[in-house]
1. At a 10 angstrom cut-off on C-beta neighbours, averaged per residue, how do the peptides 101-112, 32-43 rank from highest to lowest?
2. How large is the Kirkwood hydrodynamic radius of the chain, in angstrom, based on all distinct alpha carbon pairs?
3. Decide, for segment 73-173, between rounded, prolate and oblate: order the square roots of the alpha carbon gyration tensor eigenvalues as a ≥ b ≥ c, take rounded if a/c falls under 1.5, and otherwise choose prolate if a/b is larger than b/c, else oblate.
4. Within segment 4-29, list the residues whose amide N lies under 14 Å from a label point set 7 Å along Cα→Cβ of residue 152.
5. So for the pair residue 88, residue 64, with labels modelled 7 Å out along Cα→Cβ, what separation do we get in nm?
6. Using Cα pairs closer than 8 Å and at least 6 residues apart in sequence, work out the relative contact order for the chain, in percent.
7. Quick one: Cα centre-to-centre distance for segment 1-63 and segment 68-109, in angstrom?
Amino acid sequence: MTLADCDRVAEIRIRGWQSAYRALMPQSYLDGLSVAEDAERRRGHLAQADGSVVNLVAEGTGGEVVGWACHGPYRDGEVVTADAELYALYVHPEHLGQGAGQGLLAEAVARCAAAGHGRLLLWVLKENGRARRFYERAGFEADGAEEPFEVDGVVVPEVRYARALPLISPSPR
């Protein structure tokens, strides 16, 4: 992902929230999300990046960015662990089911394994059945951890998913 991708990634993220989380969190919150504000946040994150967080984009057949994923170290509170975390994975609603999400997830898994992480963890809204099925088909399993996520005073529980990553040996020289 580059700075030039930030506007499109913000659009994908906001439209993804508005589509996937409809009826799962307050509509007034979803309606108030701003693509411009999110794009500015994306630019700020990229400008301050230290290399520990990886942003990936997926392009459609015409070269337009259709999906975005972000991963980095897993944080247990303020403590960084040896595991990796998939912080975000969104595909524009008009491009769902065309393989962009699977491609982004496969690339994130491969990069996290190559970096030596033993597991890849992620959080998903408990009631987001579509996302849960997507991750389960990719080998992730709910590990029993749950945490509340509050949106405009409404608690929207999240569940944690985990997947063991293959051990990748360094190439012989």
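Any read-out appearing in this document is the output of simple, stated calculations on the displayed coordinates, not a laboratory observation. For clarity, every value in this text was computed on a predicted model and none was experimentally measured. Positions of Cβ are backbone-derived with ideal geometry, glycine not excepted, and every protein chain shown enters the neighbour counts.
1. 101-112, 32-43
2. 16.9
3. oblate
4. Answer for this model: 18-19, 21-29.
5. That separation, rounded to one decimal, is 2.0 nm.
6. Relative contact order, the chain: 20 percent.
7. Segment 1-63 and segment 68-109 have Cα centres separated by 13 Å.
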